[in-house]
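The values are calculated or read from the model by the stated rules, or taken from the named source; none is laboratory data. All of these numbers come straight from a predicted model, not from anything done at the bench. Every residue, glycine among them, receives a Cβ derived from its backbone with ideal geometry; neighbour counts consider all protein chains shown. With ligands, DNA and RNA removed, areas are computed over all heavy atoms of the protein, side chains included. Shrake-Rupley method; radii C 1.70, N 1.55, O 1.52, S 1.80 Å.
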Amino acid sequence: ATPVAIMVGTGKGAEHGILIKSGEALELAHSLDSVVLDKTGTITEGRPVVTDVIALGGTPEALLEIACSLEAKSEHPLAEAILDYGSQKGIVINQVADFQSISGKGVRGALGEQVYFAGNQKLMKENGIELADNQEQIDQLAMEGKTPMMFASSSRLIGLIAVADVVKATSREAIQALRDLNMEVTMLTGDNQKTAEGIGRSLPLNQVIAEVLPQEKEKVLAGLQAQGKKVAMVGDGINDAPALVRADVGMAIGAGTDIAMESADIILMKNDLLDVVTAIRLSRAVIRNIK
Ligand code: ADP
Ligand code: MG
């Protein structure tokens, strides 16, 4: 493309709050055939709220006290949801020792002599926590599109807390518009498979890939590229950064983390997936003008 066409295209993008960092990214976007979308914070608002508190054995207050104490040390959006809920209920936060965050799985920490775990099924299984009696309940929450979190002492499950996150107002329309541009659209998430399918059911996606650890997101991108696909990645989180770099075109949500924005080729300032469509259309227009 000529420098003038690139300049005009970049300027048009900026008018829409689409910041294109290089002429190369603008040119490459016309050849894309696949778009991979992160779920939390990209397709959804990324502000989950607590919907269910299920105490097993003890009271809901006792469960919340343990949950809030552990999650007070985590920076995850799920932790924030639990803390907001706890503070509305006047739950006390106690001092946690030996806190550890387990990437893509949850957290652990000690209250007095007792060690507790908070996280997903992988974390529970790794620590020998039996889930069989509650598996149906867990699956039911997930099928409703909620994210079930499990809380356990070192010996047994003590409760479940589920959160739900709403799909952004324009995500459905944007995914349909990408399909109309002949893109293959994939949702990629570290969340539970059933939760991802629950949320994906109302969206015109080609594919849902769930339970992907942060360090594995990049490998999913590389796998699609190995099939000869030209892939855009759209994400907001620290865990999306390597995939944003790996993608043919990386697009970061403007409200996301600094590291996602640094890793991307294009920044969507309005946090709206319709701007992914605009960016691809813009690139096609720029390339058409040159030919
Ligand atoms: P995403 O790709 O949706 O941003 P993550 O990779 O950050 O997801 O987390 C994957 C899963 O690990 C979450 O859906 C949750 O089940 C569990 N998890 C992570 N952090 C926490 C936490 N602080 N408390 C409880 N569960 C957590
Ligand atoms: Mg995210």
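Observations on the structure shown:
- Segment 1-149 - Rg over Rh from alpha carbon coordinates, Kirkwood radius: 1.17
- P(r) for segment 1-76, from all Cα pairs and a bin width of 5 Å, is 3, 10, 12, 13, 11, 9, 7, 7, 7, 7, 7, 4, 2, 1 %, short bins first.
- Solvent-accessible area of K219, all protein chains in place: 140 Å² (probe radius 1.4 Å, heavy atoms, ligands and nucleic acids excluded).
- Within the shell of other residues whose beta carbon sits under 10 angstrom from the beta carbon of A210, the net charge comes to -1, with Lys and Arg scored +1 and Asp and Glu -1.
- In segment 1-138, lysine pairs closer than 28 Å at Cα, eight or more apart or cross-chain: 14
- Whole-Hz Karplus values for segment 203-220 come out as 10, x, 7, 7, 7, 10, 10, 10, 6, 9, 5, x, 6, 9, 4, 4, 5, 4 Hz, taken residue by residue from phi with 6.51 cos²θ - 1.76 cosθ + 1.60 and θ = phi - 60°; glycine and proline positions read x.
- Stretchable slack from V166 to I54, in nm (0.36 nm times residue separation minus alpha-carbon distance): 38.2 nm
- Accessible surface computed residue by residue for the chain, with neighbouring protein chains in place and a 1.4 Å probe, gives 45 Å² per residue.
- Kirkwood-based Rg to Rh ratio, segment 148-256, C-alpha trace: 1.02
- The chain: relative contact order in percent, alpha carbon pairs under 8 Å with at least 6 residues between: 25
- Listed residues I175, I158 arranged by accessible area, highest first, probe 1.4 Å: I158, I175
- Once you divide the Cα radius of gyration of the chain by 2.2 N^0.38 Å, the number left is 1.10.
- Using the rule -39500 (n - 2.57) for each DSSP H run of four or more residues, divided by the residues of the chain, the 222 nm mean residue ellipticity is -11500 deg cm²/dmol.
- Aspartates and glutamates whose Cα lies under 16 Å from that of K217, excluding same-chain neighbours fewer than 8 positions away: D38, D191, D236, D240, D248
- Percent of beta bridges antiparallel (DSSP, the chain, rounded to nearest 5): 60
- To put it simply, the accessible area of the chain at a 1.4 Å probe is 50 percent carbon and sulfur.
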